[in-house]
Amino acid sequence: MTASAPKGDAKVVAYLEADPKFFLRHPDLTARLRLPHGPAGTLSLVEHQMGLLRAQVEGERRRLAQLIARARDNETLAERLHQLTIQLILAPDRPTLEALVAEGLRREFDTEAVSLIFPAAAAQPQVQCGPLDPVNAAALFPAAARPILSAALIPLRTPRQAGLLAIGSADPARFAPDMGTEQLNRLGELVSACLTALERHGPGHG
């Protein structure tokens with residue numbers, strides 16, 4: 001309630017808050033009450049409440065649709081990770097592994113740029129997703145044919161060094177700060193494990 005409201009308003013508000021069933025006992029009054037509605041005129045209290053409920057339902061519907069879409073995206077991503085996992089495990093050396101990672105992510109995840117960076121410029125404890133400014137985009141993806149506007153930065157760790165797997169997209173909304181990172185974390189763990197195995201046992205390791 002604003003400071004300019006009539007003094008009696010406080011008593012009316014207090015009474016209605018103390019007796020929430022007031023309008024149930026007086027349905028005719030509910031229908032007769034008119035509320036300002038801008039240039040279009042006035043609405044009854046019932047119409048006003050129905051409008052609020054419709055807006056709330058529509059908001060929940062959009063939110064549910066977004067959750068379903070993300071769940072489907074995660075399911076598709078899991079299947080693609082499975083196929084890529086098989087290829088990486090069979091990689092005979094590090095150059096082949098890095099080529100498979102770059103090619104596989106560009107193909108299966110529909111992204112424009114992939115970089116494996118060793119050693120990483122700074123330690124990164126977890127996956128980070130979001131928009132990318134031109135300076136960082138040029139540093140992470142110097143060979144990109146198109147401007148990279150968003151990216152997922154995935155930390156890589158082996159006993160010998162720490163690195164970074166950067167996945168970039170020309171779509172500014174492709175990698176958002178609020179997107180789920182579970183599958184990307186698994187991807188980082190997978191690549192790290194394959195690199196570690198090659199460091200210990202495989203030929204061609206760096």
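List of remarks:
- Arg174 being under 13 Å from Val127 (Cα atoms), charged (D, E, K, R), at pLDDT 90 or above and out of contact with any Asp or Glu (no Cβ under 7 Å at 6 or more places or on another chain): no
- Scanning segment 143-171 for residues that are surrounded by fewer than 24 Cβ atoms within 10 Å (Cβ to Cβ), closer than 28 Å to Thr196 by Cα and touching an Asp or Glu at 6+ places or on another chain (Cβ under 8 Å) yields a total of 5.
- Residues being touching a strand residue (DSSP E or B) at 6+ places or on another chain (Cβ under 9 Å), among the acidic types (Asp, Glu) and not assigned by TED's automatic domain parsing to the domain that holds Ile86 are entirely absent from segment 117-135.
- Residues in segment 119-142 that are part of a loop (DSSP other than H, G, I, E, B) and loosely packed, with under 15 Cβ neighbours inside 10 Å: Pro119, Ala121, Ala122, Ala123, Pro125, Gln126, Asp133, Pro142.
- Applying the set (1) at pLDDT 95 or above; (2) surrounded by fewer than 23 Cβ atoms within 10 Å (Cβ to Cβ); (3) closer than 20 Å to Gln83 by Cα; (4) not basic (Lys, Arg) to Gln183 leaves exactly one unmet item: (1).
- Against the numbered list (1) over 19 Å from Ala122 (Cα atoms); (2) at pLDDT 90 or above, Leu156 comes up short only at (1).
The values are calculated or read from the model by the stated rules, or taken from the named source; none is laboratory data. Only a predicted model underlies this, so the values are computations on that prediction, with no experimental measurement involved. Backbone-built Cβ (ideal geometry, glycine too); neighbour counts: all protein chains shown.
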